[in-house]
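Novice: Here you go, one structure.
The values are calculated or read from the model by the stated rules, or taken from the named source; none is laboratory data. In this text the structure is predicted, and so the values were computed from the model without any measurement. No Cβ is skipped: glycine too gets one built from the backbone with ideal geometry, and neighbour counts run over all protein chains shown. Surface areas here come from the heavy atoms of the whole protein model, side chains and all, with no ligands, DNA or RNA. Shrake-Rupley method; radii C 1.70, N 1.55, O 1.52, S 1.80 Å.
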Amino acid sequence: MTAVPGGSYDAIIIGSGFGGCFTALPLVEAGMKVLMLERGDWVERGPHNWGDEGAFVLTSHYTTESSFILASGLGKRPQGLCTCVGGPSIFYGGASFRFREADFDPAPEIVARSAARWPVHYEDLEPHYGTVEHLLAIAGRAGDDPTEPPRSSAYPQLVSPLADASRRISDAATTLGLHPFRIPMAIDGGKCTSCTTCDAFACAVGAKNDLASRVIPLLASRGMELRTRAVVTAVDPSSGGFSVKTTDANSGERLTFRGGRVIVAAGALATPHILLASGLKERNPGGDTIGRYLMRHCNAMTYGFFRERSPPRSPPQADRHSRLLF
């Protein structure tokens with residue numbers, strides 16, 4: 001099937017997650033004609049989100065259609081993708097930390113003699129963190145986290161009282177000499193019903209301030225065009241811009257869009273996949289690094305059980321921001 005022209009734009013953004021949305025925002029505000037391409041579709045909201053089948057990896061928005069093999073200490077295993085409008089923000093738990101200053105410092109064992117380093121530092125991004133926190137209406141308490149980096153703006157939403165179970169954990173941790181603190185959360189306290197399906201589930205009542213609820217409607221109201229179920233198969237540089245080839249996931253129709261610039265923001269797995277499939281590795285001196293050296297923060301969760309049941313919550317929403325870290 002021959003691809004047909006799909007239109008021309010000042011900028012084409014591939015992916016509707018955090019990277020795509022917050023790249024689109026200044027472009028749209030600058031008056032550019034922007035197209036956002038998303039492989040997945042909108043996530044339907046309703047009581048079904050509360051059920052067992054609402055868990056992220058059990059929904060149709062988690063796909064293993066593309067071939068990714070994750071090599072780790074546990075061996076090689078297939079890795080799927082989150083494909084939906086808003087990306088992983090739909091299923092994340094709302095935790096909204098800033099990077100720390102040290103996160104931007106080059107690690108000697110990685111840099112070695114290359115002299116490679118990030119071109120930006122925390123202080124360069126600090127005002128933009130504040131902008132994003134207000135767009136997502138983050139609830140937090142400045143100064144609560146002893147590792148928190150400097151900030152020039154307050155959280156836009158106050159935290160609510162701790163639930164009894166969280167308060168007991170906090171008191172016990174403090175007695176042991178630890179420093180528990182509240183995790184800043186992208187949760188709308190006025191809508192939250194204090195259910196137990198937040199992290200790894202789409203919010204049934206729209207209380208999670210995800211990108212599909214807060215940012216994409218804003219971008220669309222300012223002129224951005226969003227095309228869903230658009231599977232990007234190649235990005236081709238050409239004179240005066242780029243061609244982006246897509247296949248409609250429903251009809252199989254092939255469309256080619258033209259853009260003066262293209263931002264590939266499809267996530268840590270899909271972005272290198274698109275770049276490699278487009279043959280762009282050969283156009284970059286560092287092409288061998290594409291798809292390699294993915295790193296994450298080392299973190300862990302601890303679960304526990306009380307011997308007796310906690311008293312009923314009062315008011316019902318009292319634990320909507322009750323996550324703690326130590």
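Novice: Pick out the long, greasy-scoring helices in the chain: whole DSSP H runs spanning 27 Å or more along their own axis by Cα, mean Kyte-Doolittle at least 1.0.
Specialist: The answer is none, since no helix passes both cut-offs.
Novice: Still on this model: Over the range 48-190, with the other protein chains present, what is the accessible area per residue in square angstrom, probe 1.4 angstrom? Mind dumping the intermediate values first?
Specialist: Values: 8200 Å² over 143 residues.
Each residue of the range 48-190 exposes 57 Å² on average to a 1.4 Å probe.
Novice: Go through [x] 34; [y] 29; [z] 21 and flag the label whose value is the computed percent of Cα pairs over 38 Å apart for this structure.
Specialist: Only one option fits the structure, namely [z].
Novice: Residues with amide H under 5 Å of residue 42's amide H, sequence separation 5 or more or different chain, H placed in the peptide plane at 1.01 Å from N; which?
Specialist: Amide H neighbours of residue 42: 85.
Novice: For residue 109 and residue 195, compute 0.36 nm times the residue count separating them, minus their Cα-Cα distance, and round to one decimal in nm.
Specialist: Going from the current span to full extension adds 26.5 nm.
Novice: Can you tell me what share of the DSSP beta bridges in the chain is antiparallel? A percent to the nearest 5 is fine. Mind dumping the intermediate values first?
Specialist: On the way: 26 of 44 bridges.
Taking every DSSP beta bridge with both residues in the chain, the antiparallel ones total about 60 percent.
Novice: Report the calculated FRET efficiency for residue 305 and residue 101 (r = Cβ-Cβ distance, R0 = 45 Å), to the nearest 0.05.
Specialist: Once the sixth-power term is evaluated, E becomes 0.75.
Novice: Where does each of 187-200, 13-26, 131-144 land if you order them by average Cβ count within 10 Å, highest first?
Specialist: The packing order, highest mean first, is 13-26, 131-144, 187-200.
Novice: Over the range 219-298, give the accessible area per residue in Å² for a 1.4 Å probe, as an integer.
Specialist: Ligands and nucleic acids excluded, the result is 61 Å² per residue.
Novice: Which percent of the accessible heavy-atom area of the chain goes to carbon and sulfur, probe 1.4 angstrom? Working shown, then result.
Specialist: On the way: 10500 of 18870 Å².
On the chain, the fraction of accessible area on carbon and sulfur atoms equals 56 percent.
Novice: For residue 160, list long-range residues whose amide hydrogen, built 1.01 Å from N in the peptide plane, is under 5 Å from its own amide hydrogen.
Specialist: 321
Novice: Anyone know which of 300, 230, 55 comes out most mobile in the 10 Å Cα GNM of the chain?
Specialist: Of 300, 230, 55, the Gaussian network model singles out 300 as fluctuating most.
Novice: When a/c is below 1.5 the answer is rounded, else prolate if a/b is larger than b/c, else oblate, so apply that to the range 37-183 with a ≥ b ≥ c taken from the square roots of the Cα gyration tensor eigenvalues.
Specialist: oblate
Novice: While we're looking at this one, here's another question. Testing the spin-label approximation: label points 7 Å from Cα along Cα→Cβ at residue 53 and residue 178. State their distance in nm.
Specialist: With each label point 7 Å from Cα toward Cβ, the separation is 3.8 nm.
Novice: Picking from 293, 122, 303, which is most flexible by a Gaussian network model of the chain using Cα springs under 10 Å?
Specialist: Checking each option, the largest mean-square fluctuation is seen for 303.
Novice: Is it possible to state the helix-based mean residue ellipticity at 222 nm for the chain, with each DSSP H run of 4+ residues giving -39500 (n - 2.57), the sum divided by total residues, to the nearest 500 deg cm²/dmol? What is it?
Specialist: -5500 deg cm²/dmol
Novice: Continuing with this model, one more query. Which whole-number percent is the relative contact order of the chain (Cα, under 8 Å, 6+ apart)?
Specialist: 29
Novice: Compute the FRET efficiency between residue 292 and residue 168 as 1/(1 + (r/R0)^6), taking r as their Cβ-Cβ distance and R0 = 41 Å, and round to the nearest 0.05.
Specialist: 0.35
Novice: Name the residues whose placed amide hydrogens come within less than 5 Å of the amide hydrogen of residue 36, ignoring near sequence neighbours (fewer than 5 apart) on the same chain.
Specialist: 13, 225, 226, 227
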